[in-house]
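For reference, the structure is listed below as structure tokens.
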Amino acid sequence: MTTEIKPQVDVRQPVEYTDARLNANIPAGPIEQKWSKHKFEMKLVNPSNRRKYTVIVVGTGLAGGAAAATMAEMGYNVKAFCYQDSARRAHSIAAQGGINAAKNYRNDGDSVYRLFYDTIKGGDFRAREANVYRLAELSVNIIDQCVAQGVPFAREYSGYLDNRSFGGAQVSRTFYARGQTGQQLMLGAYQALSRQVAAGNVDLNERTEMLDVIVIDGRARGIVTRDMITGKIESHLADAVVLATGGYSNVFYLSTNAKGCNVTATWRAHKRGAFFANPCYTQIHPTCIPVSGDHQSKLTLMSESLRNDGRVWVPLKAGDPRSPDKIPEEERDYYLERRYPSYGNLAPRDISSRAAKVVCDEGRGVGPGGLGVYLDFTAAIKRLGESTVRERYGNLFDMYERITGENPYKVPMRIYPAVHYTMGGLWVDYNLMSTIPGLFVGGEANFSDHGANRLGASALMQGLADGYFVLPATISNYLAQGGLEKVDSTHSAVKEAVQSVTAQTQKFLDIKGTRTVDSFHRELGKIMWEYCGMSRTDEGLRYALQRIPELRQQFWSDLRVLGSSDDLNQELEKAGRVADFIELAELMCLDALERAESCGGHFREESQTPDGEALRNDDEYCYVAAWEYTGEPSKAVLHRETLHFENIHLAQRSYK
Ligand SMILES: Cc1cc2nc3c(=O)[nH]c(=O)nc-3n(C[C@H](O)[C@H](O)[C@H](O)COP(=O)(O)OP(=O)(O)OC[C@H]3O[C@@H](n4cnc5c(N)ncnc54)[C@H](O)[C@@H]3O)c2cc1C
């Protein structure tokens, strides 16, 4: 390993390492028995007592929608919140390619243990074994649950559910519904939620943005929201709070996430005491439509499923001006197949993304600016016929053609990596409870089970495992322990939280500067992509840690938000989200700087193998970094949860 230690630039106070105060509450016993034993040992709430408890669920995507519907079905009072105009428009609806499950329908060697192994290895040994095993175990139940709901998964001629392969696996375990798997799964969760809304067990609040968590006597007891239509700010109280509010890729401004995705819910919880884990672990997806200019506010994913049949290549020669059909086979570099013969085009996302960057940095990229590689279906069309390719990927091909004006049945797609998913999030224990007792976190919002790199088709699996199976059990266990005093809106903590949200909302309007929210967001995104993106250096991160606080200072002195706070005001909504992104960005860079190793999606240029692969440093960094807010992102305190690998041996990852 070549680790160059740069002289300390005084961008922040040195990080204070505390003894790990984190108890992951991992049950004892063999890994195969942990969850079932834990479920048996957890306390239950008697069915007739459940109606006495209220649970707030923020987020109605796959994780939140599943959790809210399931807990209401069990008999709890549920209050659900989302900022979209309909719960079913949560960002999960965008998921295209599929959902993993260890059903082994193909009889190709899959098992719960193999899914567990692939996920730990895919995450570059930076995830908690016990959680990952449980995830693999629950994957099979998810498919049964969804089929029972009527989710129209693709089927083979025989009638069995069909599967395809995703990156980082050598088996076919990805269940799908054309290129709309998220949408179909969402409809399943949404219908279950709607049933409970109709039954009066879920109070559904759409177009309502959560802006703070209420903590009373050290426990999460409610939230503060703003009605996005009327501007009304109010408190909601409960016995437990769940955040299932999605990921924060939009800190980079350009990402494959919907424009609305943001970090506000988890960031505000962080400021109230929830530790933020591994904030720098970002997933850059290798197959997205390349950036085409400054006018863009969002990027488009081309599902990883396309790499089942599409071959990735660039010209052998740098600066080759010929169109792809004029470049003969022997003058092409199928670089994934060459570098990773065992996994080929289905090498994991972090590896494939970096490989694309390498060939583009060598001047062999294609398309405008040389930031693109080909994803070519010529061979697949020849082998399978156009109609089969159309059946498998038709809607993705149509989407590509609508955006680029090129017909991918005739010319290879051009793709380039883009920010897609965040493995970081609020720290949770085995019960998915954060460091604020009573505050649970599910789906992409928690620091999750994916370590430093998520495998394709595993986010939907995790969101639904959390929502349908884990949270309903662990929240019951929490509630059954009792000790929750009755609280009402006259409590000083409630008043303080409402007051602080009201004051901050007004503050944005009062700045009356000259710059739009978007101009700050775009500038932040450029800093993050440049210095905390696909590859990171000590020097670059230190520079970003100087620039971001300057940007924050400009934001708070020169922002202009028009309109008022008692009306629909999207600029005002964005101001709050970008204020949080700027603070989060600083923590991400701090986290990336502290982790002077490469692992998964976190590639530190100083730490690579001779052939350019990520080089971990297990002696020093085999931990989850959980950051505590102490008033300023730059003064965040790092706590470390050491990761223990008792079942799968730590090894240098190889996909060759
Ligand atoms: C284009 C694309 C394709 C993908 N394809 C796949 C795939 O094929 N397979 C796979 O496994 N994964 C895929 N992913 C990843 C996966 O879709 C997401 O990780 C997952 O759906 C997240 O689900 P979630 O329930 O955690 O959050 P989301 O679905 O993002 O839901 C978040 C919810 O929280 C609410 N919310 C957020 N903040 C607030 C607030 N402050 N106040 C009130 N409500 C709030 C929102 O309104 C929403 O209801 C894809 C991602 C993208 C971007």
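The values are calculated or read from the model by the stated rules, or taken from the named source; none is laboratory data. This is a predicted model, so every value here is computed, not measured. Reconstructed Cβ throughout: ideal geometry from the backbone, glycine too, with neighbour counts over all protein chains shown.
Descriptive notes on the structure:
- Of all residues in the stretch 596-641 being in contact with a Leu (Cβ under 9 Å, 6 or more places away or on another chain) and of a type in the set (S, T, N, Q), the one that is nearest to His270 (Cα to Cα): Ser634
- Any hit, the stretch 429-438, residues being within 14 Å of the ligand (Cβ to nearest atom), within 30 Å of Ala473 (Cα to Cα) and not aromatic (Phe, Trp, Tyr): yes
- Tally, over the stretch 217-226, of residues that are charged (D, E, K, R) and within 11 Å of the ligand (Cβ to nearest atom): 1
- Residue count, the stretch 91-116 (criterion: buried (at least 24 other Cβ atoms within 10 Å of the Cβ) and of a type in the set (Ser, Thr, Tyr)): 1
- Any hit, the stretch 608-627, residues being among the aromatic types (Phe, Trp, Tyr), assigned to a loop (DSSP other than H, G, I, E, B) and over 19 Å from Phe581 (Cβ atoms): no
- Some residue of the stretch 557-565 being in contact (Cβ under 8 Å) with a residue 24 or more places away in the chain and in a helix (DSSP H, G or I): yes
- Residues within the stretch 597-606 that are out of contact with any strand residue (DSSP E or B) (no Cβ under 6 Å at 6 or more places or on another chain), within 24 Å of Asp449 (Cα to Cα) and assigned to a loop (DSSP other than H, G, I, E, B), tallied: 2
- Flag if Ser458 is assigned by TED's automatic domain parsing to the domain that holds Met210, surrounded by 21 or more Cβ atoms within 10 Å (Cβ to Cβ), modelled with pLDDT under 95 and within 12 Å of the ligand (Cβ to nearest atom): no
- Scanning the stretch 233-276 for residues that are part of a loop (DSSP other than H, G, I, E, B), near the ligand (Cβ under 8 Å from one of its atoms), farther than 14 Å from Ala585 by Cβ and not β-branched (Val, Ile, Thr) returns Ala244, Gly246, Gly247, Asn257, Ala258, Gly260, Cys261.
- Flag for Leu509 being hydrophobic (A, V, I, L, M, F, W, C), in contact with a helix residue (DSSP H, G or I) (Cβ under 8 Å, 6 or more places away or on another chain) and either surrounded by 15 or more Cβ atoms within 10 Å (Cβ to Cβ) or assigned to a helix (DSSP H, G or I) (or both): yes
- Cβ separations smaller than 9 Å between residues 6+ apart or across chains give the following pairs from the stretch 46-73 residues that are at positive phi to residues that are within 13 Å of the ligand (Cβ to nearest atom) and in a helix (DSSP H, G or I): Gly59/Gly65; Gly59/Ala67; Gly59/Ala68; Gly59/Ala265; Gly59/Gly443; Gly59/Ala445.
- Going through (1) out of contact with any Asp or Glu (no Cβ under 7 Å at 6 or more places or on another chain); (2) under 30 Å from Glu606 (Cα atoms); (3) at pLDDT below 95 one by one, Ser535 falls short only on (1).
- Yes/no for Thr490 being within 21 Å of Ala220 (Cβ to Cβ), over 12 Å from the mean Cα position of the chain (by Cα) and buried (at least 22 other Cβ atoms within 10 Å of the Cβ): no
- Residues of the stretch 51-90 that turn out to be within 6 Å of the ligand (Cβ to nearest atom) and buried (at least 24 other Cβ atoms within 10 Å of the Cβ), as a count: 11
- Scan of the stretch 338-353 for residues that are buried (at least 16 other Cβ atoms within 10 Å of the Cβ) and more than 14 Å from Gly168 (Cβ to Cβ), ordered by number: Arg339
- Boolean, Leu545 is without any contact (Cβ under 8 Å) to a residue 60 or more places away in the chain, more than 22 Å from Ala265 (Cα to Cα), crowded, with 22+ Cβ neighbours inside 10 Å and not polar (S, T, N, Q): no
- Filter result for Ile381 (more than 30 Å from Val470 (Cβ to Cβ), touching a helix residue (DSSP H, G or I) at 6+ places or on another chain (Cβ under 7 Å) and outside the structural domain of Ala465 (by TED's automatic domain parsing)): yes
- Contacts under 8 angstrom Cβ, first residue in the stretch 282-294 being under 19 Å from Val366 (Cβ atoms), partner surrounded by 16 or more Cβ atoms within 10 Å (Cβ to Cβ) and of a type in the set (Asp, Glu), 6 or more apart: Ile284/Asp350; His285/Glu304; Pro286/Glu304; Thr287/Glu304
- Of everything in the stretch 140-150 that is within 23 Å of the chain's Cα centre (by Cα) and not polar (S, T, N, Q), the residue that is surrounded by the fewest Cβ atoms within 10 Å (Cβ to Cβ) is Val140.
- Residue count for the stretch 91-127, restricted to those that are within 16 Å of the ligand (Cβ to nearest atom) and in contact with a Cys (Cβ under 9 Å, 6 or more places away or on another chain): 3.
- Residue satisfying all of: in the stretch 617-656; basic (Lys, Arg) and under 17 Å from Glu597 (Cβ atoms); modelled with the lowest pLDDT among these: Arg653
- Meets criteria (in contact (Cβ under 8 Å) with a residue 60 or more places away in the chain, away from the ligand (no atom under 11 Å from the Cβ) and not in a helix (DSSP H, G or I)) for Ala473: no
- You will find that of Ala452, Ala465, the residue that is in the same structural domain as Asn257 (by TED's automatic domain parsing) and within 13 Å of the ligand (Cβ to nearest atom) is Ala465 and no other.
- Filter result for Ala452 (in contact (Cβ under 8 Å) with a residue 12 or more places away in the chain, not basic (Lys, Arg) and not in a loop (DSSP other than H, G, I, E, B)): no
- Boolean, Glu496 is assigned to a helix (DSSP H, G or I) and in contact with a strand residue (DSSP E or B) (Cβ under 7 Å, 6 or more places away or on another chain): no
- Val312 passes every criterion in (1) in a loop (DSSP other than H, G, I, E, B); (2) more than 16 Å from the chain's Cα centre (by Cα) apart from (1).
- In the stretch 170-188, the residues that are within 13 Å of the ligand (Cβ to nearest atom) and either among the hydroxyl-bearing types (Ser, Thr, Tyr) or closer than 25 Å to Ser352 by Cα (or both): Arg173, Thr174, Phe175, Tyr176, Ala177, Arg178, Gly179, Gln180, Thr181, Gly182
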